[in-house]
Amino acid sequence: MTDVFQGYERQYCEISASLSRKCTAAASQEGEKLKQKASEIKSGIDGAEALIRKMDLEARNLQPSVRAGQLAKLREYKSDLNNLKGALKRITAGNGQQGAREELLESGMADTLVVSADQRSRLLRTTERQNQTTDRIRDSHRTMLETEELGVSIMHDLHQQRQSLLHANDTYSFFHRKVFVDPKIVHSLCRLLNSNHVE
C-alpha cells in the first residue's frame, strides 16, 4: 500500500468521524443553526467525496495483489459516505417519511455504484488479461517468423549441397565412362605402363 493512499484514508476517517458527530449535533438544531450545520456537513461530504475519488485513482495504480483489498475498503467508505448523505437529508428534510424515502433511494444508488465499481474492476481485469494474451501472441508470431527465416536458410544450404553432389556425381560418371569403360584409353594406358616398365 502506498503512503499516499494511507494519507488519504487517514484524512477520510477523520472527516467521516467529524461528520458523524456533526450530524448527531445537528439533529437537535432548528432554524438558522440547522441550516448552518447542514451547510458545514454538506461541505465536509464534498471533501470526503473528493478524497474517495483520489483514493480510487491511487488504488487502481497499485499492484493487482494489493488493489483488490483497497477497492474493497473503498466500497465500505462509499457506503459510509452514502449513510452520511442520508443522515444529512433526514436532518434537513424535517419530514420523517420524506427522509426515509430519500434514504431508500440513496441506498439503491449506493448498491448501483457498488455494482458499477465491481463491473469496472472486472472489465479492467479482463482488459489486462487480453493485453497479456496479445503480448504472448506477438511473441509467438515473432518466434514463428524467426523459425521460418531459419528454415529458409537451411533449405537454401541444402539446395546448394545437393547441387554440389549432383555436379560431383556427373564428373565421376564422365570419368568413369571415359577412363574405365573406353577400351582404347585402357589399351593406351597399358602400353604406357608397359613402356615405362621396360625402361
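The values are calculated or read from the model by the stated rules, or taken from the named source; none is laboratory data. Owing to the predicted nature of the structure, the values given are computational and were not obtained by experimental measurement. For neighbour counting, all protein chains shown are included, and Cβ atoms are generated from backbone atoms with ideal geometry for every residue, glycine included. Keep in mind that these areas ignore ligands, DNA and RNA; they rest on the heavy atoms of the full protein, side chains included. Shrake-Rupley method; radii C 1.70, N 1.55, O 1.52, S 1.80 Å.
Can you list residue pairs whose Cβ atoms sit under 7 Å apart, with the first residue in the stretch 1-28 being under 27 Å from N61 (Cβ atoms) and the second being open to solvent by 60 Å² or more (accessible area, probe 1.4 Å) and in a helix (DSSP H, G or I)? Count only pairs 6 or more apart in sequence or on different chains.
That search, which allows pairs on different chains as well, returns Y8/K54.
Of R142, R138, R177, which residue is more than 30 Å from E76 (Cβ to Cβ), modelled with pLDDT under 70 and either part of a helix (DSSP H, G or I) or hydroxyl-bearing (S, T, Y) (or both)?
R177
Can you tell me which of (1) over 43 Å from the mean Cα position of the chain (by Cα); (2) open to solvent by less than 70 Å² (accessible area, probe 1.4 Å) is the one S16 doesn't meet?
Failed condition: (1).
For the stretch 6-54, how many residues meet the condition of being out of contact with any helix residue (DSSP H, G or I) (no Cβ under 8 Å at 6 or more places or on another chain) and not in a helix (DSSP H, G or I)?
Residues in the stretch 6-54 being out of contact with any helix residue (DSSP H, G or I) (no Cβ under 8 Å at 6 or more places or on another chain) and not in a helix (DSSP H, G or I): 2 in total.
Just a yes or no: is a residue in the stretch 63-79 part of a loop (DSSP other than H, G, I, E, B), of a type in the set (S, T, N, Q) and either modelled with pLDDT under 80 or surrounded by 12 or more Cβ atoms within 10 Å (Cβ to Cβ) (or both)?
no
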